[in-house]
Amino acid sequence: MLTLDLTNAPRWHDLAPGVRVQLRPLTTALMVATRSDAAVEAVSEEASDEERAVAFAKALARRAVLAWEGIGDADGKPIDPNPEAIDALLDIWPIFEAFQLTYVSKGLLLEQEKNSSALSPNGPSAGASGTATPAKLRAKAARRG
């Protein structure tokens, strides 16, 4: 069952021990705005899927991050989110992966659900019916030469 969260309130997401970010809900408006972000559109057509994913994730995070905890500058002083800091945060591989898993993939689950088939009751052919009619005659053997 699809459950609707009618509050649309920001939520905190843990990305690493001691690091959490407050993010806007992943709405259609947010995704559409991110798709038309200048940084996303600037990615060359020859870019790999991975390069596109990084550009999209950074653009999405710049729009979605409202606050964070456990993130500081080189001197260890806490800093507020800003575009450069958000990009630097997502350049850290475990943080990028956590962002993708806890935030982006949750929004894409519905997309996956509509593109999959239901499982068969017991194995790949259970419940399947034959579509081909049986052959009337045996096929001739190939000629040897």
Revision key, fill the gap. Full extension between Ala16 and Leu66 adds, at 0.36 nm per residue less the Cα distance, a length in nm of 16.3 nm
Point to revise | Pair Val40, Asn8: separation of 7 Å Cα→Cβ label points (nm) | key: 1.8
**Study point:** Spin-label pair Asp73/Ala53, simplified geometry with 7 Å Cα→Cβ offset, distance in nm
**Key:** 3.3
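Which three semi-axes in whole Å describe the equivalent ellipsoid of segment 11-114, each the square root of 5 times a Cα gyration tensor eigenvalue, listed largest first?
Numbers: eigenvalues 103, 56, 32 Å².
Result for segment 11-114: semi-axes of 23, 17, 13 Å.
So if each residue of separation counts as 0.36 nm, and I subtract the Cα-Cα distance between Leu30 and Ser105, what length gain in nm does that give?
Working: separation 75, 0.36 × 75 = 27.00 nm, distance 1.44 nm.
In short, 25.6 nm is gained.
On alpha carbon coordinates alone, what is the Rg over Rh value for segment 1-66, Rh being the Kirkwood radius? Write down the numbers at each step before the final one.
Values: Rg = 14.1 Å, Rh = 13.5 Å.
Reported Rg/Rh, Kirkwood definition of Rh: 1.04.
Starting with the fewest neighbours, write out Lys58, Lys106, Lys140 ranked by other beta-carbon atoms found within 10 Å of each beta-carbon. The partial results should precede the final answer.
Details: Lys58 23, Lys106 12, Lys140 6.
Going from least to most buried by this count: Lys140, Lys106, Lys58.
Throughout, read-outs are computed from the coordinates displayed, never taken from laboratory work. Predicted model only: the values in this text are computed from it and were never measured. Methodologically, a virtual Cβ is constructed for each residue, glycine included, from the backbone with ideal geometry; neighbour enumeration extends over all protein chains shown.
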